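Below is one structure, written out as structure tokens, with a few remarks after it.
The values are calculated or read from the model by the stated rules, or taken from the named source; none is laboratory data. No experiment lies behind these values; they were computed from the predicted model shown. Virtual Cβ from ideal backbone geometry, glycine too; neighbours counted across all protein chains shown.
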Amino acid sequence: MIRVSARPLPRWLYLPASVALAVVALPVLGLLARVPWRRLPELVLQPESLAALRLSLVTCSWSLLLVILLGLPLALVLSRAQGPWAQAARVVAVLPMVMPPVVAGLALLVTLGRRGLLGQHLSALGLDVGFTTLAVVIGQTFVAMPYFVVALEGALRTLDPRYERVAATLGSSPTRTLVTVTLPLLGPALVGGAAMAFARALGEFGATLTFAGSLPGVTQTLPQAIYLTRESDPDGALALAFVLLMLATVLMGLAGWVTRERHG
């Protein structure tokens, strides 16, 4: 049963809220109803399925590392920056969240592809990025980083500044204050943001397909395998979709639990 806080709400809100929940829940239930449960282990353990799952987990892990290493400093700077340039930087930082996936992939391709703005110079040095496993990691990082930055910047803006001021008063350097005060306070937001970023990278399809292609064992991730097998092997596609759904559910459940713990 869903518990409601002590603060009362108009009763009429429960009707549109229930409709909104049904809009999301019914397709998921429909998918679960069509999953070939008896053949599920057989379908999931096929070599092609395992290769796609393994590649997705490996590339998402690398992209998450990049998201944290790059997104954390970006969120810290944006949370303290002010003025029109800071606002412009915020817009650019979250742009991949609303950018159509195929447009994101095309942008990466014309920038880092063999004939791209930067890719042509990298290619001359013997480094081809497009249609490689590295391209998958870059594509996932591109689309997932805004989710981490938004989650972390929101937490930073609600952080009580008194702790950092006390540390500074006691002679702590900015770096030491960041490591010993700010980051520990951001622990729940870091975990929640990382979980959302990993889930977004795991479900990425359009950008990586456009930028990296779909070569089995090299660039074919789980979403691409689902898309390519849905016509030839519907049961196999449903089995892989179930695996992806469960992984995303666990990750988003973790993010939600950490958020509740933070505010609880």
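Observations on the model:
- Among the residues listed as 168, 195, 93, the single one being closer than 30 Å to residue 258 by Cβ, touching a residue at least 60 places away in the same chain (Cβ under 8 Å) and of a type in the set (A, V, I, L, M): 195
- Residues of region 49-75 that turn out to be in contact with a helix residue (DSSP H, G or I) (Cβ under 7 Å, 6 or more places away or on another chain) and either within 30 Å of residue 238 (Cα to Cα) or of a type in the set (A, V, I, L, M) (or both), as a count: 16
- In region 68-92, the residues that are in a helix (DSSP H, G or I), of a type in the set (S, T, N, Q) and over 24 Å from residue 199 (Cβ atoms): 87
- Matching residues, region 49-89, being over 19 Å from residue 248 (Cα atoms), surrounded by fewer than 17 Cβ atoms within 10 Å (Cβ to Cβ) and not hydrophobic (A, V, I, L, M, F, W, C): 73, 80, 82, 83, 84, 87
- Some residue of region 24-31 being over 23 Å from residue 149 (Cβ atoms), in contact with a helix residue (DSSP H, G or I) (Cβ under 9 Å, 6 or more places away or on another chain) and assigned to a helix (DSSP H, G or I): yes
- Some residue of region 202-219 being over 30 Å from residue 115 (Cα atoms) and in contact (Cβ under 8 Å) with a residue 12 or more places away in the chain: no
- Among the residues of region 111-124, the ones that are surrounded by 14 or more Cβ atoms within 10 Å (Cβ to Cβ) and either within 18 Å of the chain's Cα centre (by Cα) or not in a loop (DSSP other than H, G, I, E, B) (or both) come to 5 in all.
- Any hit, region 237-256, residues being of a type in the set (Gly, Ala, Ser), crowded, with 19+ Cβ neighbours inside 10 Å, at pLDDT below 90 and under 25 Å from residue 104 (Cβ atoms): yes
- Residue within region 46-67 that is assigned to a helix (DSSP H, G or I) and under 17 Å from residue 186 (Cβ atoms) present: yes
- Selected residue (criterion: farthest from residue 128 (Cα to Cα)) from residues of region 186-217 that are within 16 Å of the chain's Cα centre (by Cα) and among the β-branched types (Val, Ile, Thr): 191
- Verdict on residue 23 being among the β-branched types (Val, Ile, Thr) and farther than 30 Å from residue 213 by Cα: yes
- Spans of helices (runs of 4 or more DSSP H) in region 142-234 with at least 3 residues surrounded by fewer than 17 Cβ atoms within 10 Å (Cβ to Cβ): 162-169, 174-177
Listed here are the residues, each with its yes/no results for (1) of a type in the set (Phe, Trp, Tyr); (2) modelled with pLDDT of 90 or more; (3) closer than 18 Å to residue 97 by Cα.
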position: 195; (1), (2), (3): no, yes, yes
position: 205; (1), (2), (3): yes, yes, yes
position: 222; (1), (2), (3): no, yes, no
position: 225; (1), (2), (3): no, yes, no
position: 229; (1), (2), (3): no, yes, no
position: 261; (1), (2), (3): no, no, no
